[in-house]
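I have placed the structure first, in the form of structure tokens, so that the comments after it can refer back to it.
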Amino acid sequence: MAILLLTALSIIIFISFCTSSANNSEDSVYHVTKLTQPVEIDSNWKKSAWNEIPALHLNNHMGDEPEFRPDVKARVAYDEDAIYVIFHVDDKFVRCVVDEYQGPVYTDSCVEFFFVPGNDISKGYFNLEVNCGGTALFAFQKERGVERVNIPESVFEKITLAHSMPHIVEPEITEPVTWTIEYRIPFEILNEFTDVTRPAPGVEWKANFYKIADETSNPHWLTWSFVNHPEPDFHRPEYFGSLFFK
């Protein structure tokens with residue numbers, strides 16, 4: 001009888017795991033709207049250009065469940081020349097002290113966009129990580145640390161970026177606060193590092209969106225597309241979701 005109960009329990013756990021994985025997979029698809037006119041990059045989540053564009057939500061986490069889980073969402077759009085991303089974060093315990101390009105911004109309150117400009121993850125991915133004060137880390141690599149190229153600052157400066165928080169946030173803000181990050185990435189700068197499949201109706205890019213705060217009093221590792229890994233590690237392109245361009 002005990003063996004039968006254990007077998008039944010194992011089957012239930014397996015089915016539950018598969019169902020959970022399937023649900024996460026379904027959540028990891030986002031349809032990217034084409035803009036009819038350029039968007040002013042000013043970190044305003046509520047401006048009319050974004051109002052009709054649906055948001056994706058970072059509902060998964062890695063590592064231990066944080067005591068406080070920020071509410072994080074993002075919107076993505078594109079035009080003939082660039083891809084646009086805006087993050088909206090309802091947060092607490094916000095800290096931001098890294099102010100040098102390519103510094104360890106992930107130790108601060110930070111949002112991240114990892115993406116393959118196509119659907120073949122073997123060709124490598126970009127990781128654009130921006131703390132709430134607008135300081136960025138930007139690289140291209142095949143996998144964590146493999147054939148990594150740090151994007152020169154002269155190239156990064158072609159990205160238009162806006163942030164709602166001060167450049168430095170110290171001491172930590174422990175009460176509720178909302179912050180936003182918005183940027184425009186021209187396709188031409190991506191072409192310098194890899195082949196880019198230009199967005200058009202039906203085109204797919206692989207991507208994930210993250211929120212991190214390594215060195216705050218409420219560390220956490222949130223993801224859009226579920227990452228099945230025992231320790232926090234965002235450099236897992238095999239778990240990227242899909243961006244389908246409309």
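Coordinate-derived values only; no laboratory data. Computed from a prediction, not measured in an experiment: that's the story for all the values here. Cβ coordinates were reconstructed from backbone atoms using ideal geometry, including for glycine residues, and neighbour counts include every protein chain displayed.
Structure note, pairs LYS92/LYS142; LYS211/LYS246; LYS73/LYS246; LYS47/LYS92; LYS47/LYS73: Cα-Cα distances above 22 angstrom occur for LYS92/LYS142; LYS211/LYS246; LYS47/LYS92.
A simple rule links phi to the HN-Hα coupling: the Karplus curve 6.51 cos²θ - 1.76 cosθ + 1.60 with θ = phi - 60°, which for the stretch 89-101 gives 10, 8, 10, 8, 6, 8, 9, 8, 10, 7, 10, 10, 3 Hz, with x for Gly and Pro.
With a Förster radius of 41 Å applied to the C-beta separation of THR194 and ASP42, the computed FRET efficiency comes to 0.90. Here the simple spin-label model places points 7 Å from the Cα toward Cβ, and for VAL29 and ASP64 these points are separated by 3.7 nm. Put simply, the amide H of VAL169, placed in the peptide plane, has neighbours under 5 Å in CYS96, VAL97, leaving out anything fewer than 5 places away on its chain.
Highest GNM mean-square fluctuation, the chain, Cα pairs closer than 10 Å: which of GLY133, GLY202, GLY124? Largest GNM mean-square fluctuation: GLY202. Kindly state, to the nearest 0.05, the FRET efficiency for VAL146 paired with PHE244, given R0 = 25 Å and r defined as their beta-carbon distance. Computed FRET efficiency for VAL146 and PHE244 comes out at 0.35.
Annotation: amide H-H contacts under 5 Å for ASP108 (H modelled 1.01 Å from N, sequence separation of 5 or more, or interchain): ASP214, GLU215.
Helical runs assigned H by DSSP (4 residues or longer) give the chain a calculated mean residue ellipticity at 222 nm of -4500 deg cm²/dmol, each run adding -39500 (n - 2.57) before division by the residue total. Each residue of the stretch 229-246 was assigned a 3J(HN,Hα) from its phi angle through the Karplus expression (A = 6.51, B = -1.76, C = 1.60, θ = phi - 60°), giving 8, x, 10, x, 7, 7, 7, 10, x, 5, 9, 4, x, 10, 9, 9, 8, 9 Hz with x at Gly and Pro. Relative to the longest principal axis of the Cα atoms of the chain, helix 2-27 runs at roughly 20 degrees.
Straight Cα distances below 15 angstrom link LYS206 to the aspartates and glutamates GLU26, ASP27, GLU112, ASP120, GLU143, ASP195, GLU238, with same-chain residues fewer than 8 positions distant left out. Amide H to amide H distances under 5 Å link ASP71 with ASP90, where only residues 5 or more positions off or on other chains count and H is placed in the peptide plane.
In a DSSP loop and with at most 14 other Cβ atoms within 10 Å, the trypsin sites (Lys or Arg not before Pro) in the stretch 141-200 are ARG144, ARG148, LYS158.
Pairs of C-alpha atoms in the chain farther apart than 22 Å represent 54 percent of all such pairs. Taking a ≥ b ≥ c as the square roots of the eigenvalues of the Cα gyration tensor, the stretch 113-234 is prolate, since a/c reaches 1.5 or more and a/b is larger than b/c. Taking a ≥ b ≥ c as the square roots of the eigenvalues of the Cα gyration tensor, an a/c ratio of 1.5 or more together with a/b larger than b/c marks the stretch 115-176 as prolate. Ignoring GluC sites (Glu not before Pro) that are buried or in helix or strand per DSSP, and keeping those with at most 16 other beta carbon atoms within 10 Å, what is the longest stretch of the chain between them? Of all site-free stretches, the longest is 101-146. GNM remark for the chain: springs join alpha carbons under 10 Å apart, and the peak mean-square fluctuation among HIS31, HIS57, HIS229 falls on HIS229. Name the most mobile residue of ASN51, ASN127, ASN208, meaning the one with the largest mean-square fluctuation, in a Gaussian network model of the chain with Cα contacts below 10 Å. Looking only at ASN51, ASN127, ASN208, the largest GNM fluctuation is found for ASN51.
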